[in-house]
Amino acid sequence: MYNYEWIFFDKNGEKLPVVKTSENRIYAAGDVKTHNGKSYEIVHRIIDRVNKDSDLQIAVEV
């Protein structure tokens with residue numbers, strides 16, 4: 001299992017609350033994630049497995 005923290009931005013550029021998930025999937029920049037019925041494209045990833053056991057994914061609504 002991989003732990004992720006998600007920062008989603010809607011089409012207006014508004015930041016939504018941070019979401020934490022545990023998934024079996026590995027994500028890459030450009031992948032699409034569905035959250036609350038909307039699609040978000042990952043635009044940036046911050047991988048930090050030294051200080052925290054999670055990756056930060058920044059995604060925008062498409």
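Read the figures in this text as sums done on the coordinates, not as results from a lab. Since this is a predicted model, take the numbers as computed values, not measurements. Note: ideal-geometry Cβ built from the backbone for every residue, glycine included; neighbour counts use all protein chains shown.
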(message) Once you keep just the Cα pairs under 8 angstrom separated by 6 or more residues, what percentage relative contact order results for the chain?
(response) 38
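Kindly provide the trypsin sites (Lys or Arg not before Pro) of the chain that DSSP labels as loop, not H, G, I, E or B, and whose Cβ sees at most 15 other Cβ atoms within 10 Å.
Lys11, Arg25, Arg49, Lys52
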